[in-house]
Amino acid sequence: MRQDDRLAAPLASLAAPLASLAAPLASLAALIVLAVPLTLAQSETGVVSDQEFQAEPYVTTELTHFMTVTLRGGYVAAGTGLTGVSEATIVIDSIPQGAQLVGGVLYWAFLDRTGGPSHRRIRVNNVLVEGELLGRVAFLLGRESFVYRGVLSREQLLNHDLHPLGELPPLPSGNGAYLLSGFPLEEPTRPQGATLVLVYEHEQMRPQDVVFTDGNVLPHGGFLPPWWRDTRADITGFAAEAPVEATSTYIVGAGSSSSLARDKAGFQAASHALRFLPGDQVFDSSDGPRWDTETLELTGLIAPGDRSGTAVVRLISTRWGGLWWVDDLIWAAHVMSVSTGNPVEPDPGALFRGW
Ligand SMILES: [Ca+2]
């Protein structure tokens, strides 16, 4: 966390009684920034015009269903912080033996004032990925949060011709090193982090629904009792079948490693009450500064026949001297796998090609 962001929490706390004013003020600040003539953003990957930048949607979103991949197999997810580095490596090493990579989805997020468009592009092992903007939302201190999604085919992910020397090239299973590069670093651009989700097939495994739900949501702590706030995402696009095995991954930026920051991740299936998973400092920048990819076991929290649920991020405000630590997060995506009786895709790899 950078210094002025550290200041942001106590400053925000000072505004406690004005909480209801804070969001509109932040939006106003962002809009004023946007009205300033924009400079062209240049990067090795190209130039983006003012028109292109201004055409980016300015939206507050919720997480929405992106796609379900039904296959014999599953997914793994790993992330990295991007703050203060020009490149970063994501190592995937937990795809089971005998599996074959099917494709992947990369999520990444930036905070920015006006330099937005150049972080739409990022390189994965030198393969250029053109991201789709999932949302652009006013954050603290006049900044906005930008969340992107890029879909990568198996062929792109395993392109060894472009793979940088000195890194472990990915194996056919997908296990290996993925180097992220080509993203902008200079102020006021603030990279947050990135998570790579890889989907694999394994003929001996049970069918699973792998469900991607994504957007750009800013969970925000509360200034008033009960001192915590829940942010929810509806999860649909699966059909659980007995015996239910399920896993859930929360991809979240702007997490703080401060011992004052308290947050929890939970899930509520249609058949169950809301249950929180272990820990109350879940989004603590454990992937590196300002990023978390938290994978949690949901087995036992979903019943056969469930077809929907709610993923929950809870922020808990903490007293700090005479002030309150009130946090903000960037919730980019939720990924889940659930054992299912749905028919498997004849060619799941096709879902990852042609983006
Ligand atoms: Ca964490």
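Tell me whether segment 119-235 comes out rounded, prolate or oblate; compute the Cα gyration tensor, take square roots of the eigenvalues as a ≥ b ≥ c, and use a/c under 1.5 as the rounded threshold. Let's see the in-between values first.
On the way: a/c = 2.76, a/b = 1.42, b/c = 1.94.
Note, shape of segment 119-235 comes out oblate.
Magnitude of the Cβ-charge dipole of segment 263-355, K/R +1 and D/E -1, about the Cα centre, nearest 20 debye? Can you show the working numbers first?
Working: 7 positive and 12 negative charges, 50 e Å.
Once rounded to the nearest 20, the dipole reads 240 debye.
Dipole size in debye (nearest 20) for segment 90-220 around its Cα centre, Lys and Arg Cβ +1, Asp and Glu Cβ -1?
Approximately 360 debye in magnitude.
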**OP:** Can you find, among Thr83, Tyr148, Gln97, the residue farthest towards the positive end of the dipole of segment 64-169? Put +1 on the C-beta of Lys and Arg, -1 on that of Asp and Glu.
**Re:** Tyr148
Original post:
Residue by residue, what Karplus-based ³J(HN,Hα) values in Hz, rounded to whole numbers, does segment 333-349 have, using 6.51, -1.76 and 1.60 with θ = phi - 60° and x for Gly and Pro?
Top reply: 6, 10, 10, 9, 10, 9, 5, 9, x, 4, x, 6, 5, x, 9, x, x
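Take peptides 184-197, 295-308 and line them up by average Cβ neighbours within 10 Å, highest first, as a rough protection proxy. Don't jump to the answer; show the numbers that get you there.
Values: 184-197: 21.4, 295-308: 16.2.
Those peptides, ordered most packed to least, come out 184-197, 295-308.
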Original post:
How far is it, in nm, from the label point at Arg206 to the one at Leu162 when both lie 7 Å from their Cα along the line to the Cβ?
Top reply: 3.8
Subject >> In Hz, Karplus ³J(HN,Hα) per residue of segment 223-228 (6.51, -1.76, 1.60; θ = phi - 60°; x = Gly, Pro) >> reply: 8, 10, x, x, 6, 9
**OP:** Using only the alpha carbons, work out the radius of gyration and Dmax of segment 181-281 in angstrom.
**Re:** 17.4, 52
Original post:
How far is the Cα center of segment 289-355 from the Cα center of segment 193-260, in Å?
Top reply: 0
**OP:** Return the sequence-ordered ³J(HN,Hα) values of segment 160-165 in whole Hz as given by the Karplus equation 6.51 cos²θ - 1.76 cosθ + 1.60 applied to θ = phi - 60°, using x for Gly and Pro.
**Re:** 6, 4, 9, 5, x, 5
Original post:
Can you tell which of Thr340, Gly322, Val312 lies farthest toward the positive end of the dipole of segment 211-355, using +1 and -1 charges on the Cβ of basic and acidic side chains (Lys, Arg; Asp, Glu)?
Top reply: Gly322
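Where a number appears in this text, it was derived from the coordinates with a stated rule and is not lab data. Note that the structure is predicted; figures quoted are calculated from it, not measured. Note that each Cβ is placed from the backbone with ideal geometry, even for glycine, and that neighbours are counted across all protein chains shown.
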